[in-house]
Every structure is written in structure tokens, then in C-alpha cells.
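The values are calculated or read from the model by the stated rules, or taken from the named source; none is laboratory data. Quick caveat: nothing in here was measured; it's all calculated off a predicted structure. Note that each Cβ is placed from the backbone with ideal geometry, even for glycine, and that neighbours are counted across all protein chains shown.
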Amino acid sequence: MMETVLEHPLAGPAQTGPPQTGRAVPVQAPQMSQATVWLVAVRDQRDKDAFGDLFDYFAPRLKGFIMRSGTGAAQAEEIVQDVMLTVWRKAAMFDPHRAQASAWIYQIARNRQIDIIRKESRPIPDELAQGPEAEPDASQILAFDQEAEQLKTALDLLQPDQKEMIEKAYLGDLTHQEISVQTGLPLGTVKSRIRLGLNRLRRELKGLR
Amino acid sequence: MSAITHHIPEDMMAAYAAGTLPHPYAMVVAAHISLCSECRAALGAYHAVGGALLEKTANIAVTNSLKSNVMAMLEAPVQPKPVYDSQGIYPGPVMEALQGRSPRWKTLGMGVKQSILSETDSGSVRLLYIPAGQAVPDHSHNGLELTLVLQGSFSDETGRFGVGDVEIGDEDLEHTPIADAGDACICLAATDAPLRFNAFVPRLLQPFFRI
């Protein structure tokens, strides 16, 4: 991509001096998602206003999400509090090149919820060491953000029963076996619904890429 | 080190991402992901779906005081939970189970050793040490067995497994893994039921060895 820019005749003079960012960057650059912007501000500037925005956006969603899996309102709020405090304390670990803000927060919430339900610490993979590239790669961050948007659109396009199955698999403390008991569907049907839902999601995403 | 060729199956990864995988298997999956960038990426994809669902979940308003409580706690000192980094061949999730210590090996005979990391109703997870050229006792499983290679390699009827590879054994798999020449083979093995050894350790002794 860079080579294309440099081959352009207009880019010629820029090679001799420092890069003139004002010229190379398109004016109408796609926007990073608001959640990513807030989270990066929390990470880099310890920005409490941005954290407050993040709280306003995610706390009610987290509460709804946690209560969907059968946790009571009071305990759900305790978990929301823990999750948001973890977001603040662990923000340094957030790397928008590797995860969307919502995916990162989902993972924190799920870990916390499971630790509480199971009363044991859930095994978590080693964190990757931060790469040597300190320079943020905006295009990669944007690609992740766009994927998140597309996922949300794709979720809306699912058949209601497919969507419900995926939600149950993700939201509930349910194995496929337990889902089949709860819904009265035989296990094979449950698995194929989930697979169909995921395949559909994947297809939607491919179409949009 | 050779490339990882045996990965975590998709449904197991989905269950791990959703948090529904029993603890012993979750430890093997977390340890494998620590070694495998391909499966780390797959986990990221499942988390992305989780994140999209989270954003799409119907809001439920939180009580008014929650935000002010959280804001007030931001600067409060916290006792950080101990973080266990990988050490040598052992990924972080294994070091956490070992609580940062070296494995306490118990001899099973013929140079084979084990170190039990956890044993609960939902299954057991252990480290196995198998000298080069030595066979793991012939066994079958009551349930599902996951075996992740951390050092050396082993081969059995189904193929060769090197560092980072995971073998998934179900009830039907009767196999005799043999550690390949070279370093002793060290594996992380998780089951949801006691292993059934067909030879080597008499059945009567199994409770004694807790296998």
C-alpha cells in the first residue's frame, strides 16, 4: 500500500523530507468506533470522562447480558462493577489491533461471571507480549471495528431461532446438552442450529469483506 | 520446533469462548492457545461474536449509585491477583495450577511419572512425564481425554504429536502412545473420568495412584 503512494508522482517531494502526513491521509478517513476511541483514551490518558462514557454505554448492556443467563439483579450489578473496574485497571492490556473493544469487554465479563458461578479461577491463555511496533496501525484497527459492525448486522439478519440458539450458547451457563434439555430440542438439532447460525454469520461476513 | 498440526476442534473452542467447557479441558485449551497463534485467532473470532451479542443485548438500567461507586473506586489501591507467567515449557495456565512451583512428580513405574494438578467432580488434569522410547500404559477412557504435548513428542496409532499438538481421545480410542526418541515427553492430560489402564497398573491399584 505504501509503495503505491510513493510511486505516485505527487508523492515524490515527500520522500526527501519527513512524511507530510497532512497530504497523504485522506480527508474522509473512516472512523474508529466510539467504544475503541474511549477505551484507547482510558488506556493512554487514564481519561475518566472517557471511562464514564464507556460505563454509560456498556454497564446497562452488561447488566442485561449477565441477567439473561439467570443471574439476579443485585449480583449482576456486582459483576458489572467488577468488570468496569477491571476495564479501568487492565486497560493497558487492550490492543485494538487484536480485539474489538466489545470483544475485549465481553471476555472480561464472561471470565468474571464464570469465576463466580464455578467458584474457581478460569484458565486463561498467556497474554501475548506487546509487539515491537509501537506505531498504531489505523487500518488494522478499523478493520476490526468494521468487522464488529458487520457482526452486529449479521446477527440482526439471522432467523429468530438461530439467533436465540447462539445467544443461549454465549449468554447462558449452558452446554449444548443443557440447551437441548431447556429447549426440548434433541442434541443433534441444537448443534446443527448453532452451526447453521455460525455459518450464516460467517457467510454474511465474507460477503461484506 | 515443528509446526503445530493438531488443534482445538471448533465446537470445543466455542464452548471455551462461551465459558461452558469443564475446568480440566479449559486448562488444556488455554495452555494450547498460549502456544498456538492460529487457535488464539480463532478464540478472538468467538470473542468478537460474544462482543457483538453483548452490544446487541437489551439494556437494563443500572442503579444510580453504581456509576458513582465505580468512579470513586478507580484510584483505590488494589491487591493485584498473582499473575503466573509461562516458565520453561510450562505455559501460564499450567504455572497457575502449579501456583508457580515446579511439578511434584510421583513415579508410576518404568520411568513414567505424573503430577496431578487438579482433581474434582468435573474431571482431572495432570502432567505426565514419559521417558523417550517408553510407552504410556495402554489405556482407554471413560470419557474424553485431551493430551497437550509440552516437551518432546509421542506417536500412537493415530499419528505423531509434537510440542503444542493436542490429541483428542474419546471412549472409542484405545491407543498406546510411545514417546519418541530425544527429550522425555511431557504432556498435560485432562479427563472427565478416571483413565482405564488395561495393563501396567493393575486395576485394583488405580485408586491408589489416582489415575
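Yes/no matrix, rows are residues, columns are (1) surrounded by fewer than 20 Cβ atoms within 10 Å (Cβ to Cβ); (2) free of Cβ contacts under 8 Å to residues at least 24 places away in the same chain; (3) part of a strand (DSSP E or B); (4) not small (Gly, Ala, Ser):
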{"site": "B:Gln99", "(1), (2), (3), (4)": "yes, yes, no, yes"}
{"site": "B:Pro103", "(1), (2), (3), (4)": "yes, no, no, yes"}
{"site": "B:Ser115", "(1), (2), (3), (4)": "yes, yes, yes, no"}
{"site": "B:Ser124", "(1), (2), (3), (4)": "no, no, yes, no"}
{"site": "B:Leu128", "(1), (2), (3), (4)": "no, no, yes, yes"}
{"site": "B:Ala132", "(1), (2), (3), (4)": "yes, no, no, no"}
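Scoring A:Arg61 on the criteria (1) under 19 Å from A:Asp145 (Cβ atoms); (2) more than 7 Å from chain B (Cβ to nearest Cβ) leaves a single failure, condition (2). Determine if the stretch B:79-86 includes at least one residue that is without any contact (Cβ under 8 Å) to a residue 24 or more places away in the chain, part of a loop (DSSP other than H, G, I, E, B), away from every other protein chain (no Cβ under 11 Å) and within 27 Å of A:Ile66 (Cβ to Cβ). Yes: one or more hits. For the stretch B:1-25, a tally of residues being more than 19 Å from A:Leu128 (Cβ to Cβ), of a type outside the set (Ser, Thr, Tyr) and at pLDDT 85 or above returns 4.
Take B:His32 and tell me if it is within 27 Å of the chain's Cα centre (by Cα) and surrounded by fewer than 22 Cβ atoms within 10 Å (Cβ to Cβ). Here the answer is no, as B:His32 does not meet what is asked. Candidates are the residues of the stretch B:33-63 that are under 15 Å from B:Met12 (Cβ atoms) and free of Cβ contacts under 8 Å to residues at least 24 places away in the same chain; the one that is farthest from the other protein chains (Cβ to nearest Cβ) is B:Ala45.
When B:Ala48, B:Ala61 are checked against the criterion of being closer than 30 Å to A:Phe51 by Cβ and surrounded by 23 or more Cβ atoms within 10 Å (Cβ to Cβ), B:Ala48 stands alone in meeting it. Scanning the stretch B:161-194 for residues that are of a type in the set (Gly, Ala, Ser), under 12 Å from the mean Cα position of the chain (by Cα) and within 21 Å of B:Trp105 (Cβ to Cβ), which turns out surrounded by the fewest Cβ atoms within 10 Å (Cβ to Cβ)? Within the stretch B:161-194, the match that is surrounded by the fewest Cβ atoms within 10 Å (Cβ to Cβ) is B:Ala189. Taking the stretch A:87-104 as the search range and keeping residues that are in contact (Cβ under 8 Å) with a residue 24 or more places away in the chain, facing chain B (nearest Cβ under 7 Å) and of a type outside the set (S, T, N, Q), which one is nearest to B:Met71 (Cα to Cα)? Ranking the candidates gives A:Trp88 first.
When the stretch A:135-169 is filtered for residues that are of a type in the set (Gly, Ala, Ser), crowded, with 19+ Cβ neighbours inside 10 Å and in contact (Cβ under 8 Å) with a residue 60 or more places away in the chain, only A:Ala148 remains. With a requirement of 2 or more residues that are at pLDDT below 90, the helices (runs of 4 or more DSSP H) lying completely within the stretch A:40-123 that satisfy it span A:48-68, A:101-118. For first residues located in the stretch A:36-48 and without any contact (Cβ under 8 Å) to a residue 40 or more places away in the chain, partners that are not in a helix (DSSP H, G or I) and lie 6+ apart or on another chain with Cβ distances below 6 Å form the pairs A:Ala41/A:Asp47.
Return the residues of the stretch B:173-194 that are more than 20 Å from A:Pro123 (Cα to Cα) and not in a strand (DSSP E or B); say none if nothing qualifies. B:Leu173, B:Glu174, B:Thr176, B:Pro177, B:Asp180, B:Ala181, B:Gly182, B:Asp183, B:Ala184, B:Pro194, listed by residue number. Evaluate the stretch A:127-136: report whether one residue or more is part of a helix (DSSP H, G or I) and either out of contact with any strand residue (DSSP E or B) (no Cβ under 8 Å at 6 or more places or on another chain) or more than 10 Å from chain B (Cβ to nearest Cβ) (or both). Scanning the stretch A:127-136, I find no residue that is part of a helix (DSSP H, G or I) and either out of contact with any strand residue (DSSP E or B) (no Cβ under 8 Å at 6 or more places or on another chain) or more than 10 Å from chain B (Cβ to nearest Cβ) (or both), so the answer is no.
B:Ala42 satisfies every condition listed in (1) hydrophobic (A, V, I, L, M, F, W, C); (2) under 26 Å from A:Arg68 (Cα atoms); (3) surrounded by 20 or more Cβ atoms within 10 Å (Cβ to Cβ) except (3). Residue-level check: of (1) within 17 Å of B:Thr57 (Cβ to Cβ); (2) more than 11 Å from chain B (Cβ to nearest Cβ), A:Leu54 misses just (2). A:Met84 falls short on exactly one of the conditions (1) more than 10 Å from every other protein chain (Cβ to nearest Cβ); (2) of a type outside the set (Val, Ile, Thr); (3) crowded, with 17+ Cβ neighbours inside 10 Å, and that condition is (1).
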